[in-house]
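Please treat every number below as a calculation from the coordinates, not as lab data. This structure is a prediction, so every number in the text was calculated from the model and none was measured. Every residue, glycine as well, gets a Cβ built from its backbone with ideal geometry; the counts of neighbours run over all protein chains shown.
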Amino acid sequence: MELTINRQVVEKYQTPSEQLKPVFTVNHLNLWYGQDHALKDLKFDIPEKQVTAIIGPSGCGKSTFIKTLNRMVEMVQGVRISGEIKYREKNIFDPKYRVEELRTLVGMVFQKPNPFPKSIYENIAYGPRIHGIKNKKVLDQVVEKSLRGAAIWDEVKDRLNENAYGLSGGQQQRLCIARCLAIEPDVILMDEPTSALDPVSTLKVEELIQELKKEYSIVIVTHNMQQAARISDCTAFFLNGEVIEYTNTSKLFSHPSDKRTEDYITGRFG
Amino acid sequence: MSLINKEIVHKRLIKRMTANRFAKFGFILATSFSLMVLGVLIYRILVEGLHYLSFEFITNFASRIPERAGIWAALLGTLWIMAVTAPVSFILGVGTAIYLEEYAKKNAFTKFIQINIANLAGVPSIVFGLLGLTIFVRLAGLGSSVLAGGLTMSLLILPVIVVASQEAIRTVPREIREASFGMGATKWQTIRRIVFPAALPGILTGTILALSRAVGETAPLLVLGALAYVAFVPENLFSQFTVLPIQLYNWTSRPQEEFHMLAASGIIILMVILLIMNSIAVFIRNKFHKRS
């Protein structure tokens, strides 16, 4: 009895804002690590130019899911995937779909700030360079635009040739966001981008996300429910590799329709 | 009721303190013994070797008259051998390491190769000399030339370079590779622009230390037929040659005391070369470590 009700809830909230164009359409997505069934028959849309948050307890598959969106998950040995994810109408698992192309459109910011052991300038210029841009003037412009876009330009403009490892953790993370912007992506995936940062840096990154959503579609995995409530438009609650509930953020946090969602957001488990 | 008897604890305390002091003493003893041996060695070599050490000693050819004897041919022979060995072993060694770490699937076969490379690093150098004699001198018909000698030395130090480079590549954090792949870089771009530069200090350190080993090797080149008495410098890759350690061996095996002193002078030169190479390795390591 309870199970059927839950199923209905999921169907009902398949897409939180139907009027929005989807950037990703996930259809019957299953993923296994060896024998471990990590993602179970996921089916939902991710809307364009919105912040979509993914919350859930550790090991629920939220990181796995976000890494599936740019196929980084395939770097793990022994991964099997079935079903499809359509990015702008094209199935990303199509053998003809080049993963390098997908990743230039779907950028990623990682959990731990991971700048290259190069200068600040070279960190940002890396993306354009690997895509064949050699013109120094263009590169200079890209670097400035990206650093401004990530709200870090004023802090680093006088030290562009210094090593990025000299920046603070929060600055490094914004540098990584700038590096991601430099390839002019369409979607930005963020895998717990503030979990290694202090509260002030976290706030800066959150403000930045609000700015970025005007131009980019953002998917963010977060451990922090308050963060999801603060910055996202829609929220998906993952549990044991399934989507339990997916709806507008304000609705999910004020009137969760599933008991398990309610238990999780009120801190009864997880 | 306490489970720990305080009285026994107190008695044991004195014992433990004694053992503690004794351990420290033992380690100091071990270190001073090695330092003493080194000190005696350096002292003896300096006493014997300084007599003949002069600018002419470096620029003269070997001679039957000790006053006129020098190491010019051997010194240049060593440099020629290095000029062949360094690029060949670097390119092959680093290439192998990159393939094994980045491309090869981790299965039983690569594990087998891995173990064998590690084993090769421990094979006596004379065996490599025999290998070089068979393949380069005889089969390839290179004769006892600089090229054959350099290639043999490359084989000798290749396993060391492969293992050192693999270690260096493995220390490149996974996170920065992911960052590169996440921006749509291909594997080759990631290796060339991220992994290789980050691993380079470690690779260079390993390579230079391996080359220092090659500088001091005698056995494989003797087997190849490197000459003991040479009064000319190698002109090209196919010239015959001698190297410093062979020249030293030659001098020490003579009965006259003067030649033993010449050998000591040669050892000073050889040690200076090794010292310079090791300093370069240390310098590279420190320079790059500070930046990251």
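Listed here are the pairs A:136/A:157; A:21/A:90; A:62/A:112; A:112/A:145; A:49/A:137; which of them are more than 19 Å apart at the Cα?
In this structure, A:112/A:145; A:49/A:137 exceed 19 Å between Cα atoms.
What whole-number distance in Å separates the alpha-carbon centres of the stretch B:117-176 and the stretch B:187-227?
Using only Cα atoms, the two centres lie 9 Å from each other.
Among B:271, B:82, B:261, whose mean-square fluctuation peaks in a Gaussian network model of chain B (Cα, cutoff 10 Å)?
Highest fluctuation of the listed residues: B:271.
Can you put B:110, A:249 in order, fewest other beta carbons within 10 Å first?
The order, fewest Cβ neighbours first, is B:110, A:249.
Helix-only mean residue ellipticity at 222 nm, chain A, DSSP H runs n ≥ 4 weighted -39,500 (n - 2.57), per residue, nearest 500. What is it?
Taking each H run of at least 4 residues, the total per residue is -11000 deg cm²/dmol.
Counting pairs of alpha carbon atoms under 8 Å apart in space and at least six apart in sequence, what relative contact order in percent does the stretch B:58-291 give?
Rounded, it is 28 percent for the stretch B:58-291.
In which sequence would B:144, B:2, A:254 go, from the one with the fewest C-beta neighbours within 10 Å to the one with the most?
B:2, A:254, B:144
If the label point is 7 Å along Cα→Cβ of residue A:155, which residues in the stretch A:114-138 have backbone nitrogen under 20 Å from it?
Answer for the stretch A:114-138: A:114-126.
Using only alpha carbon positions, build the gyration tensor of the stretch B:190-292, then give the equivalent ellipsoid semi-axes as the square roots of 5 times its eigenvalues, largest first, whole angstrom.
In descending order, the three semi-axes are 36, 17, 10 Å.
What's log10 of I(q)/I(0) for the protein assembly as shown at q = 0.08, 0.11 Å⁻¹, Debye sum over Cα points only, no solvent?
-0.76, -1.01
Rank these for me by crowding, B:21, B:254, going from fewest to most other beta carbons within 10 Å.
The most exposed by this proxy come first: B:21, B:254.
Please report the antiparallel percentage of the DSSP beta bridges confined to the protein assembly as shown, to the nearest 5.
Of all bridge pairs located within the protein assembly as shown, approximately 60 percent are antiparallel.
For the pair residue B:29 and residue B:54, what calculated FRET efficiency results from E = 1/(1 + (r/R0)^6), where r is the Cβ-Cβ distance and R0 = 51 Å, to the nearest 0.05?
My answer for the efficiency is 0.80.
What is the distance in Å between the Cα centroid of the stretch A:20-75 and that of the stretch B:1-73?
The stretch A:20-75 and the stretch B:1-73 have Cα centres separated by 62 Å.
Where in chain B are the DSSP H helices whose alpha-carbon span along the long axis reaches 15 Å or more and whose Kyte-Doolittle mean is at least -0.5?
Sorted by number, the helices that extend far enough and score high enough are B:6-49, B:72-98, B:108-120, B:146-170, B:196-216, B:257-291.
Among A:112, A:134, A:96, whose mean-square fluctuation peaks in a Gaussian network model of chain A (Cα, cutoff 10 Å)?
Highest fluctuation of the listed residues: A:96.
Out of all Cα-Cα pairs in the stretch A:2-265, roughly what percent, to the nearest whole number, are more than 29 Å apart?
The calculated P(r) of the stretch A:2-265 puts 32 percent of pairs beyond 29 Å.
Full-extension gain between residue B:229 and residue B:4, please, as 0.36 nm times their residue separation minus the C-alpha to C-alpha distance.
That pair, residue B:229 and residue B:4, stretches by 73.4 nm at full extension.
For the stretch A:179-270, restrict the atom set to alpha-carbon positions and state the Rg and Dmax in Å.
My reading of the Cα-based Rg and Dmax gives 14.0, 42 Å.
What does the extension gain come out to for residue B:192 and residue B:222, with contour length at 0.36 nm per residue minus their alpha carbon separation?
My answer for the length gained is 6.9 nm.
Any idea what the relative contact order of chain A is, in percent, if you count C-alpha pairs under 8 Å spaced at least 6 apart?
That works out to 28 percent.
Between residue A:40 and residue B:113, how many nm apart are label points set 7 Å from Cα along the C-beta direction?
4.2 nm
With equal scatterers on the alpha carbons only and no solvent term, can you work out the Debye log10 of I(q)/I(0) for the stretch B:58-291 at 0.09, 0.10 1/Å?
For the stretch B:58-291, the Cα-only Debye profile gives -0.45, -0.54.
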